[in-house]
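A short write-up of the structure that comes next.
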Amino acid sequence: MLDDLLKKTKTTISFEVLSPKTQDEFNAVFEKLDALAALNPDFMSCTYGAGGSRAGKTVEMAAYIQHRLHIDAMAHMTCVGFKRADLQENCKLLEKEGIRYVMALRGDRPSTMSDEQFESREFLYASDMIRYLKANTSLSVAGVCYPEKHYEAESFESDLRHLKEKVDAGADFLVTQLFFDNDIFYRFKEKAQSFGITVPICAGIMPITGANQLGTSVNLSGSSVPKALEDIIDKYGDSKEDMHKAGVDYAVRQILDLKERGVDGIHIYTMNRPKTTAEIVAQI
Ligand code: FAD
């Protein structure tokens with residue numbers, strides 16, 4: 001349960017699922033949610049399509065997870081593409097569906113959005129949305145954080161100062177951007193504590209099971225790739241099967257180390273892949 005994370009009573013395991021881009025993918029996603037739920041995570045979070053075109057789908061998936069699969073669901077929302085009135089509407093929908101957890105994000109500018117539209121958003125930063133949600137709803141709210149700093153931040157310190165603002169605005173817990181080097185996470189956690197950030201922090205783990213992933217999701221995340229992972233890709237990248245196995249193994253080793261060091265939660269970026277997620281869960 002997500003409450004275990006908030007009370008720090010155990011290391012939670014949670015899954016992030018992607019809100020599909022097309023109606024066909026959306027129709028097929030429920031089977032994947034079923035398979036992921038069978039792995040018994042403490043909670044599942046549903047992303048929100050960049051720019052806000054598919055808010056309804058996020059809530060629909062979250063409601064399915066909450067009521068049909070009986071697993072705590074968290075719906076993501078972004079400042080980009082979300083006006084105050086949309087947020088109020090969405091909160092009503094969440095309340096109606098009995099969803100108690102949201103992740104509040106700023107979001108990125110979609111390629112189809114002008115700078116002017118992006119700059120004119122009503123909530124400028126995630127902390128503005130969090131403050132609003134905490135003042136006007138009874139939702140538990142998560143924010144995100146970046147062990148290697150957010151790509152726009154001037155410095156690691158300024159990013160942490162803004163992270164502290166996010167926590168002061170009411171973030172109940174944090175989930176990290178994906179990372180591949182646990183030492184980076186441990187250093188970040190220590191530094192966050194020195195800024196007075198003591199809410200639970202879930203470590204975001206993405207298994208790299210194909211060499212091409214490094215060119216897409218990882219590039220976008222701004223996460224660095226340590227030599228150990230580079231070596232794995234060099235060695236196994238040409239064989240689909242071997243790369244899959246080595247990537248799962250790398251994620252498992254990361255998770256076991258994090259658990260041993262008492263991490264609050266592990267948040268697996270599942271990329272809607274139940275088979276890979278099941279292989280990881282079986283070993284942790
Ligand atoms: P913020 O916390 O608002 O920070 C953005 C930048 O502004 C940072 O550089 C920060 O240092 C700076 N900043 C913050 N406050 C201030 C201030 N007061 N003054 C000046 N600068 C400030 N995107 C989606 O579109 N949909 C999703 O579902 C989604 N899910 C995600 C889940 C996770 C776990 C993560 C890590 C990211 C996710 N994202 C998602 C991507 C996210 O929207 C982007 O990374 C975005 O660029 C930043 O969002 P944020 O909430 O961290 O922004």
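Considering region 135-165, and only residues there that are more than 8 Å from the ligand (Cβ to nearest atom), surrounded by 17 or more Cβ atoms within 10 Å (Cβ to Cβ) and not polar (S, T, N, Q), the residue that is farthest from Leu220 (Cα to Cα) turns out to be Leu139. Looking only at residues in region 166-182 that are among the charged types (D, E, K, R) and out of contact with any Gly (no Cβ under 7 Å at 6 or more places or on another chain), the one that is farthest from the ligand (Cβ to nearest atom) is Asp181. Restricting attention to region 249-276, the residues that are part of a loop (DSSP other than H, G, I, E, B) and over 17 Å from Ala37 (Cβ atoms) add up to 4.
Within region 7-38, the residues that satisfy the criterion of being touching a residue at least 40 places away in the same chain (Cβ under 8 Å), within 19 Å of Val175 (Cβ to Cβ) and not aromatic (Phe, Trp, Tyr) are Lys8, Thr11, Thr12, Ile13, Ser14, Glu16, Val17, Leu18, Ser19, Leu36.
What about Asp238, is it open to solvent by 10 Å² or more (accessible area, probe 1.4 Å), part of a loop (DSSP other than H, G, I, E, B) and within 16 Å of Ala211 (Cβ to Cβ)? Yes; evaluated as a whole, the condition is true for this residue. Meeting the requirement of 1 or more residues that are more than 15 Å from the ligand (Cβ to nearest atom) and closer than 23 Å to Leu2 by Cα, the helices (runs of 4 or more DSSP H) wholly within region 51-134 are 55-63, 84-96.
If the condition is being part of a loop (DSSP other than H, G, I, E, B) and either of a type outside the set (D, E, K, R) or in contact (Cβ under 8 Å) with a residue 60 or more places away in the chain (or both), then region 177-199 contributes Gln177, Leu178, Phe179, Phe180, Phe195, Gly196, Ile197, Thr198, Val199.
The values are calculated or read from the model by the stated rules, or taken from the named source; none is laboratory data. It should be emphasised that the depicted structure is a prediction, and the values quoted were computed from it without experimental measurement. Every residue, glycine among them, receives a Cβ derived from its backbone with ideal geometry; neighbour counts consider all protein chains shown. Each accessible area value is taken on the protein alone, full model and side chains, heavy atoms only, with ligands, DNA and RNA left out. Shrake-Rupley method; radii C 1.70, N 1.55, O 1.52, S 1.80 Å.
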